[in-house]
Amino acid sequence: MKTWLARCLLGGLVLSASSAFAQDDDDPYAYPDEEKPRSKDDDEYEGRKKKNVDETDDFRRVAEQEGEDGDFKALSGMDDPNTGLAFELISGALLVNSSRGQFAETRLGLGLRATWEYGRILDSEPLREALWADLRWTMGSLSDGTDFISADTRIHYFTIAPAYELKLGQSDFGFYAQVGGGVAYQSASLTVDSEVTKVNGIKPLLQGGVGFRGRPRISSTSNMRLAFRIEALAYRRSYMTDFFLGGSLGTAF
């Protein structure tokens, strides 16, 4: 009896010791109030998350800025790929006021033109491509007479003319009207037998007209465009009125 009791007591002591050792080997229990040590990956993740939130807030803050009329502020000028400049060659019929009682002396008119879309500097979306101005030079010549007496005249028109264009929807085409001014330089030479007499003069000039303008894109990977016009203009120099019917072709950027 004593032997059996001693064996039971010895077995209970062995089981108690084994449980105690096993508890020492286990990890300590993590209570909810204890914070887990942060790793380097956690810090990088939090940094990226905060950066994305800041960029989103900045974008929303810019987009929600309101203009004077309560509309969203237009941001098209910030990423506009075009400079609004164009250069064209001019050709057409120049109808010069006739001194012989006719309606006009029709001659070939040639010239150059540079265009600047100054509406792009204004804070108004409808006026960005509707307002522009031309710096233009046009030239025509007249000659008449006999072998004994003859006269040659050259007229140069230098003008600056702002214009307003009505766009055809969202296309690159539209109708326009323009009014401007400048000077007309006229050089004439009268030849009698072998004697040549030259006369030069400058007169103030008014220009006005209407036309059709297009700027289609040449390539989807380039900002270059094809610029062309069909126009009818009137030049008023002193008491005489000349007309130009023609067009132009060039490039826009």
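The values are calculated or read from the model by the stated rules, or taken from the named source; none is laboratory data. Values in this document were obtained by computation on a predicted structure and should not be read as measured data. With ideal geometry, Cβ positions are generated from the backbone for all residues, glycine too; neighbour counts draw on all protein chains shown. Just so you know, the surface numbers come from the protein's heavy atoms only, side chains and all, with ligands and any DNA or RNA stripped out. Shrake-Rupley method; radii C 1.70, N 1.55, O 1.52, S 1.80 Å.
Matching residues to (1) closer than 19 Å to residue 178 by Cβ; (2) touching a residue at least 12 places away in the same chain (Cβ under 8 Å); (3) part of a strand (DSSP E or B):
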| position | (1), (2), (3) |
| --- | --- |
| 88 | yes, yes, yes |
| 91 | yes, yes, yes |
| 103 | no, no, no |
| 109 | yes, yes, yes |
| 114 | yes, yes, yes |
| 119 | yes, yes, no |
| 136 | yes, yes, yes |
| 143 | no, no, yes |
| 151 | no, yes, yes |
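Name the residues in region 227-245 that are surrounded by fewer than 17 Cβ atoms within 10 Å (Cβ to Cβ) and either under 31 Å from the mean Cα position of the chain (by Cα) or at positive phi (or both), would you?
First, the residues of region 227-245 that are surrounded by fewer than 17 Cβ atoms within 10 Å (Cβ to Cβ): 230, 232, 234, 238-241, 245.
Residues satisfying the conditions are 230, 232, 234, 238, 245.
Suppose we filter 144, 123 for residues that are open to solvent by 60 Å² or more (accessible area, probe 1.4 Å), out of contact with any strand residue (DSSP E or B) (no Cβ under 9 Å at 6 or more places or on another chain) and of a type outside the set (Val, Ile, Thr); which single one remains? Before the answer, list the steps.
On the way: 144 fails: out of contact with any strand residue (DSSP E or B) (no Cβ under 9 Å at 6 or more places or on another chain).
Sole residue among the options that is open to solvent by 60 Å² or more (accessible area, probe 1.4 Å), out of contact with any strand residue (DSSP E or B) (no Cβ under 9 Å at 6 or more places or on another chain) and of a type outside the set (Val, Ile, Thr): 123.
Looking at region 83-113, which of the residues that are of a type in the set (Gly, Ala, Ser) and modelled with pLDDT under 90 is farthest from residue 151 (Cα to Cα)? Write out each step before concluding.
Residues of region 83-113 of a type in the set (Gly, Ala, Ser): 84, 86, 91-93, 98-99, 101, 104, 109, 111.
Right, trim to modelled with pLDDT under 90 and you get 84, 98-99, 101, 104.
On the way: 84: 43, 98: 14, 99: 13, 101: 17, 104: 17 Å.
Ranking the qualifying residues of region 83-113, first place goes to 84.
Taking residue 69 as meeting all but one of (1) closer than 26 Å to residue 125 by Cα; (2) modelled with pLDDT of 70 or more; (3) open to solvent by 100 Å² or more (accessible area, probe 1.4 Å), write down the number of the exception.
(2)
Quick one: which residue in 248, 219 is polar (S, T, N, Q), open to solvent by less than 30 Å² (accessible area, probe 1.4 Å) and within 21 Å of residue 83 (Cα to Cα)? Before the answer, list the steps.
Details: 219 fails: open to solvent by less than 30 Å² (accessible area, probe 1.4 Å).
The unique qualifying residue is 248.
Tell me which residues, restricted to region 147-175, are among the polar types (S, T, N, Q), farther than 30 Å from residue 193 by Cα and surrounded by 14 or more Cβ atoms within 10 Å (Cβ to Cβ). Write out each step before concluding.
Narrowing region 147-175 to residues among the polar types (S, T, N, Q): 150, 153, 159, 170-171.
When the remaining residues are screened for being farther than 30 Å from residue 193 by Cα, the result is 159, 170-171.
Matches in region 147-175: 159 only.
Any chance you could count how many residues in region 180-201 are surrounded by fewer than 13 Cβ atoms within 10 Å (Cβ to Cβ) and assigned to a strand (DSSP E or B)? Give the steps one after another, and end with the answer.
Keep residues of region 180-201 that are surrounded by fewer than 13 Cβ atoms within 10 Å (Cβ to Cβ), which gives 192-201.
If we keep only those that are assigned to a strand (DSSP E or B) as well, we get 192, 195-201.
Result for region 180-201: 8.
Give the number of residues within region 212-249 that are farther than 19 Å from residue 108 by Cα and either of a type in the set (Ser, Thr, Tyr) or part of a strand (DSSP E or B) (or both). Please lay out each step first, then the result.
Pass one, region 212-249, residues farther than 19 Å from residue 108 by Cα: 212-227, 238-239.
Among the residues that remain, those that are also either of a type in the set (Ser, Thr, Tyr) or part of a strand (DSSP E or B) (or both) are: 212-214, 217, 219-222, 225-227, 238-239.
Residues flagged as farther than 19 Å from residue 108 by Cα and either of a type in the set (Ser, Thr, Tyr) or part of a strand (DSSP E or B) (or both) within region 212-249 amount to 13.
What about residue 224, is it hydrophobic (A, V, I, L, M, F, W, C) and farther than 17 Å from residue 181 by Cβ? Spell out the reasoning first.
Values: hydrophobic (A, V, I, L, M, F, W, C): yes; farther than 17 Å from residue 181 by Cβ: yes.
Judged against the criteria, residue 224 is a match.
Can you find a residue in region 173-186 that is more than 24 Å from the chain's Cα centre (by Cα) and among the polar types (S, T, N, Q)? It would help to see each step written out before you state the result.
Initially, region 173-186 is screened for residues more than 24 Å from the chain's Cα centre (by Cα), giving 181-186.
Filter once more, so that each one left must be among the polar types (S, T, N, Q): 186.
The answer is yes, given that some residue of region 173-186 is more than 24 Å from the chain's Cα centre (by Cα) and among the polar types (S, T, N, Q).
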